[in-house]
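Take a look at the structure set out below.
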Amino acid sequence: MNVILVALGSHGDVHPFVGIGMELRRRGHRVRIIAYAHFERLIADAGLELVSCGTAEEFKRVASDPRAWKRFRGMQTILGFVAALIEPIYRLIADNAEGDTIVAASSLALGARVAQDHLKIPTASIHLQPTMLWSAIDPPYIQGTFMPRWMPAWAKRAQYSVAELLVLDRILSPTLNGFRRDLGLAPMKHIFGSYIHSPQRIIGMFPPWFAPPAPDWPSQARLTGFPLFDERGITKLSDDLLRFLDEGDPPIAFTPGSAMWQGHRFFEESAQACALLGRRGLLLTRHLEHLPKTLPAGVRHIDFAPFSELLPRCAALVHHGGIGTSSQALAAGVPQLVVPHAHDQPDNAARLVRLGVARKLEVRRFRRKRIVPVLRELLDSSEVRARCAQTAKRFSGVNAISDTCDLIEQLSPTYTTVAAPMV
């Protein structure tokens, strides 16, 4: 088959598609990934083909926009970028469709949904985060909404409708429906509540023990589990990092996420928290300008390391609550301190806290004097360690990427092998 993967977002959003692409290529399919040129080296090192939807400079402009991390304006900013890519992604899919073509696209790749409607290409929507599947029965935590369990379902649905009317559809509809009109397609409403989901297949790349399927989810949704691809086998732990890990007690790792381009205060407070705790620390960022000019003794900086190899050697992880980072920490069985900013991060943080493997600090409270007691409690808690160990065992025998590839292959009209049913 000719498989086109559409991966929009940061490293945490692109990594799963690279893992999926490598497995599909291993199965004999041709695989092309539509992504920003910023990821050209990663995709090439994985032996895959890049189809660029924008330059590295354009990606930097999007990623470095501080408005994207504002609690309420962040979504509006992101949706502006999403709207601008609708027609370019449609065109790239149209140009690269040949023979038996299948598309698997990330949540916000609306151009892939237009291509599905207009070009009749079998398409799967891949949602990495539970927040993309709205429910009035078991709603995710979304900033700006108030949906306690006791609230009637009609009141929750009303909040979703208001959010679409006032924000989501208002921003996306002019571009989306203007382009659909040019193609002779009918206009769409309820873009986030309905249209982002392929009517053929929705793949949630998280397990049911993290986000139990709600009765009012779309019937075509299937869960496969966390992808856990993190460049292992492509990027190695450096000799300097290995020596540091061997020299002393397991360090605490700190990352605000690859998409965070305003991490100065995060690293300053993190470094000083390590000093107050008397613990070794690792600061992970590709942005050297975010680091303090001097680091306390025992605190080191690294650009990047595959978490699947690094985190099992760490005492804890302090992070932003991105779904990829969260899942790697769950698999490694390490305690987590989550500092969510926006988007899906607050919901992920709430789920981690409910599992008993994490604590949460609001961004405005992320100060060394607040970090220290929370980390000390996490590190000293036998109950947290036990919960982390129990959760890590859930990953045994699970191959979410392989199961996801099975579901993608099944969309082909030429598919004949019967795969095992998914949860």
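What follows draws every value from the coordinates through simple rules; no lab data is involved. If you're wondering where the values come from, they're calculated on a predicted model, not measured in any experiment. Don't worry about glycine lacking a Cβ; one is built from the backbone with ideal geometry, like all the others, and counts go over all protein chains shown.
Worth a mention:
- Two-decimal ratio, region 117-204, of alpha-carbon radius of gyration to 2.2 N^0.38 Å: 1.21
- In Å, descending, principal axis extents of the Cα set of region 325-396: 37, 29, 16
- With the simple model of a label 7 Å out from the Cα in the direction of the Cβ, R365 to R286 spans 3.2 nm.
- With a Förster radius of 35 Å applied to the beta-carbon distance between M151 and Q200, the computed FRET efficiency rounds to 0.60.
- Along region 171-179 the Karplus relation, 6.51 cos²θ - 1.76 cosθ + 1.60 evaluated at θ = phi - 60°, assigns HN-Hα couplings of 7, 8, 4, x, 6, 4, 6, x, 5 Hz to successive residues, with x for each Gly and Pro.
- Entry note, the chain: relative contact order of 16 percent, from Cα contacts under 8 Å with a spacing of 6+ residues.
- Each residue of region 284-293 is assigned a 3J(HN,Hα), and the resulting list reads 9, 6, 8, 9, 4, 5, 7, 7, x, 4 Hz, derived from the Karplus form 6.51 cos²θ - 1.76 cosθ + 1.60 (θ = phi - 60°), x at Gly and Pro.
- Stokes-Einstein D for region 239-393, Kirkwood Rh over Cα pairs, 25 °C, 0.890 mPa s (µm²/s): 161 µm²/s
- Relative exposure of C314, C405, judged by other C-beta atoms within 10 Å (fewest first): C314, C405
- Stretching T235 away from S402 to a fully extended chain increases their span by 58.0 nm, per 0.36 nm per residue minus the current alpha-carbon distance.
- Simple spin-label estimate for A44 and R300 gives 2.9 nm between the two label positions (7 Å along the Cα-to-Cβ direction from each Cα).
- Region 239-393, dipole about Cα centre (Lys/Arg Cβ +1, Asp/Glu Cβ -1), debye to the nearest 20: 580 debye
- Remark: region 146-162, residue by residue, has Karplus-estimated 3J(HN,Hα) of 9, 9, x, 4, 6, 6, x, 4, 5, 5, 5, 4, 5, 5, 4, 4, 5 Hz, where x stands for each Gly or Pro and the curve is 6.51 cos²θ - 1.76 cosθ + 1.60 at θ = phi - 60°.
- Taking the Cα centre of region 194-291 as reference, the dipole from Cβ charges on Lys and Arg (+1) and Asp and Glu (-1) amounts to some 360 debye.
- Backbone amide hydrogens, once placed in the peptide plane, bring V299 within less than 5 Å of G281, excluding anything fewer than 5 places away on its chain.
- Of the residues A315, F267, A358, the one whose Cα sits farthest toward the positive end of the charge dipole of region 239-393, with +1 on the Cβ of Lys and Arg and -1 on the Cβ of Asp and Glu, is A358.
- 24 Å Cα-Cα reach of K360 towards lysines, excluding residues that sit fewer than 8 places from it in its own chain: K70, K369, K393
- When the chain is treated as a GNM with alpha-carbon contacts under 10 Å, the residue of V82, V31, V363 showing the greatest mean-square fluctuation is V363.
- Full extension of the chain segment joining W209 with H190 gains 4.0 nm, where the gain is 0.36 nm per residue of separation less the Cα-Cα distance.
- Note on A386 and V167: the extension gain reaches 74.6 nm, defined as 0.36 nm multiplied by sequence separation minus the Cα-Cα distance.
- Charge dipole (debye, nearest 20) of the chain; +1 at Cβ of Lys and Arg, -1 at Cβ of Asp and Glu: 1320 debye
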